[in-house]
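Report on one structure; see the data block that follows.
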Amino acid sequence: MKEAISNSSDETVVLSSRFIALVYPASDIGEVKAILAETKKEYKKATHYVYAYRIGETSKSNDDGEPSGTSGRPILELLYKKEITNTLVIVVRYFGGSKLGAGRLLRTYVSAANGALDKAEYREV
């Protein structure tokens, strides 16, 4: 098992929609809430703030208005697959005017999150 020790980000554009993936180390739920609030201030014109976190035995995901199961849950599954804990992943989306469809939306969210996770630094726990 490993945990992020650095922030990282990655950006993807698909059919004029901009996806900005952000990774943060997080050790408790209060920290997650503070980071989410700050992210919503920084990217205040974004359409969606999809997130997933895993802290110890606690985990949660949120699709933030995207079709159920196309964004938050797949990002959380990625954290489990990569055996990452104590980490928050947020993908900020600016809607570009074209619907992507459930499959493409899911692939785009996972790809963006994976890109940011690959850029983070980790330590074993």
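The values are calculated or read from the model by the stated rules, or taken from the named source; none is laboratory data. None of these values were measured; they are calculated from a predicted model. Glycine gets a Cβ as well: all are built from the backbone with ideal geometry, and neighbour counts include every protein chain shown. With ligands, DNA and RNA removed, areas are computed over all heavy atoms of the protein, side chains included. Shrake-Rupley method; radii C 1.70, N 1.55, O 1.52, S 1.80 Å.
Miscellaneous remarks
- Of the residues making up segment 17-31, just one is of a type in the set (D, E, K, R) and closer than 27 Å to residue 105 by Cα, namely 18.
- Residue 80 closer than 14 Å to residue 93 by Cβ and either modelled with pLDDT of 95 or more or open to solvent by 20 Å² or more (accessible area, probe 1.4 Å) (or both): no
- Residue check for residue 122: more than 18 Å from residue 12 (Cβ to Cβ) and touching a strand residue (DSSP E or B) at 6+ places or on another chain (Cβ under 7 Å): yes
- Residue 51 being open to solvent by 10 Å² or more (accessible area, probe 1.4 Å), aromatic (Phe, Trp, Tyr) and either over 19 Å from residue 4 (Cβ atoms) or modelled with pLDDT of 95 or more (or both): yes
- Single residue of 91, 110 found to be within 14 Å of residue 13 (Cα to Cα), open to solvent by less than 50 Å² (accessible area, probe 1.4 Å) and either aromatic (Phe, Trp, Tyr) or part of a strand (DSSP E or B) (or both): 91
- Among the residues making up segment 113-125, those that are within 16 Å of residue 89 (Cβ to Cβ) and surrounded by fewer than 16 Cβ atoms within 10 Å (Cβ to Cβ) are 118, 119, 121.
- Condition met for residue 79 (farther than 22 Å from residue 37 by Cβ and among the hydrophobic types (A, V, I, L, M, F, W, C)): no
- Taking first residues from segment 95-111 that are at positive phi and partners that are open to solvent by 40 Å² or more (accessible area, probe 1.4 Å) and not basic (Lys, Arg), the Cβ contacts under 9 Å between residues at least 6 apart in sequence or on separate chains come to 97/15; 97/16.
- Answer residue from segment 56-77, given it is within 16 Å of residue 111 (Cα to Cα), out of contact with any Gly (no Cβ under 8 Å at 6 or more places or on another chain) and of a type outside the set (Ser, Thr, Tyr) and is most open to solvent (accessible area, probe 1.4 Å) among those: 73
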